[in-house]
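Single-structure report; data block below.
The values are calculated or read from the model by the stated rules, or taken from the named source; none is laboratory data. All values derive from a computational prediction rather than experimental measurement. Cβ placement follows ideal geometry from the backbone for every residue including glycine, while neighbour counts extend to all protein chains displayed. Please note that ligands, DNA and RNA were not included when accessible areas were found on the heavy atoms of the full protein model with its side chains. Shrake-Rupley method; radii C 1.70, N 1.55, O 1.52, S 1.80 Å.
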Amino acid sequence: MFTTDYNNIIDKVNSIDPTKYSWNRNFIDGDVTYLSPYISRGVISTKMVFDRLMDRGFEVAKIYKFIQELAWRDYWQQVWIEKGSLIDSDFRHPQKDVEHHQMPKAIIDANTGIVAIDSAIQDFYKTGYLHNHVRMYIASIACNIGKSHWSIPAKWLYYHLLDADWASNALSWQWVAGTNSNKLYYANQENINKYCKTNQQGTFLDVPYSAFENLATPTLLKETEMPELKTELPDIKDINVDSSNSTLIYNFYNLDPLWKNDINANRILLLEPSHFEKYPISPKTIDFIVGLSKNIKDIQIYVGEFDELFDKHSISDIFYKEHPTNHHYKGIQEERDWIFTVKGYYPSFFAFWKKCNKEF
């Protein structure tokens, strides 16, 4: 479903239809782009996608919603840059009515009894992809119906996502759970039927929205479990470093094959055990990033900490791209590509978007 070949990825960028996306993206079979894994991994940027659309002659007014969705990704990253580890816990408000810090076993087992959800989770385990609407449905069921604290379910989702982006993931879960918003998000069975093209009735979500505030936790969601989330990194292998060349550090969030591709350099994909202990990812995601890294000329994979790499190989003239997980790197930090010049923290996306709008 998700190629790792760079030329095929660029073909995907060049073939998207942002006009269709704008009006049917919320449906499970809508014209979504499937570009999110490549944006999240830094293979392409939101700015590259935006620039390609402008080069193809699309009018901003006709693809306004698509551009806005790209901007959401930049917004979440800006929040992470400014707030750092604060996004790892309840961000703006404490989560209400939390009964446990695990997650409903029925979600892990794809056994909620809601056909659209269970089918989507089964596919998710196979593909590493979930439609954004389904992510919200699952978060609502886990947190607002099942009374889970958002943190563990969010880590479960991140673990399996090829487009795993901790800022987008954590803050979106918190938006659903009310810790990054002013109200809880709910979706009833009628809503799920509409957007997932099902006709199911009689589930625990088959209620009017007015019933959610006092809805008891369904028996099906009361059994909880701590999901096993462990990263299996590639085997450690020796690398060769030419001390006369610059060293470019790639990582889980930067796999851009065009970055400084016109110079001779040591190109190292750094996989730090400490990073993946904090943000574990699945074997499928590991295979995905290793596959993507093969687009980078002469890339070598180093499994270990940055300081170990620095000391063992005496690397110098180091370059890396900015990211909230990179603060301990040494060397020259380069800015990522953003669609707009708007930086810093804004308490809402629409406050951020209002500033971005001025740059059109």
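Summary of computed values
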item	result
Cβ-based charge dipole, segment 294-336, positive-most Cα from Asn295, Ser314, Tyr329	Asn295
Over the chain, relative contact order from alpha-carbon pairs under 8 Å, at least 6 apart, %	20 percent
Charge-dipole axis of the chain as Lys and Arg at +1 and Asp and Glu at -1 on Cβ define it, positive-most pick from Val43, Pro273, Ser148	Ser148
Unsatisfied cross-links (Cα-Cα over 27 Å) in the set Lys126/Lys321; Lys20/Lys47; Lys47/Lys312	Lys126/Lys321; Lys47/Lys312
Magnitude of the charge dipole, segment 226-352, Cβ model with Lys/Arg +1 and Asp/Glu -1, debye to 20	320 debye
Segment Ser316-Thr217, extension gain: residue separation times 0.36 nm, minus the distance between their alpha carbons	30.0 nm
Carbon + sulfur, % of accessible area of segment 1-135 - ligands and nucleic acids excluded, 1.4 Å	47 percent
Amide H contacts under 5 Å for Lys321, placed H, 5+ residues apart	Glu334
Most fluctuating residue given options Lys47, Lys83, Lys278, as computed from a GNM of the chain linking Cα atoms under 10 Å	Lys278
Listed residue (Ile81, Gln95, Ile107) projecting farthest to the positive dipole end of the chain, Cβ model	Gln95
Unit charges on C-beta of K, R, D, E only; dipole of the chain, Debye	1000 debye
Net lengthening on full extension, Val98/Gln68 (0.36 nm per residue, minus Cα-Cα)	7.5 nm
Accessible surface of segment 214-281 [probe 1.4 Å, protein heavy atoms]: carbon and sulfur percent	43 percent
Sum of side-chain charges, Ala116 neighbourhood, beta-carbon under 14 Å (Lys, Arg +1; Asp, Glu -1)	-2
DSSP-loop GluC sites (Glu not before Pro) across segment 285-360, with at most 14 other Cβ within 10 angstrom	Glu335, Glu359
Surrounding net charge for Asn199, when Lys and Arg each add one and Asp and Glu each subtract one, Cβ distance under 13 Å	0
Largest-first ordering by accessible area, 1.4 Å probe, given options Val115, Val290	Val115, Val290
Heavy-atom accessible area per residue - segment 196-349, 1.4 Å, Å²	53 Å²
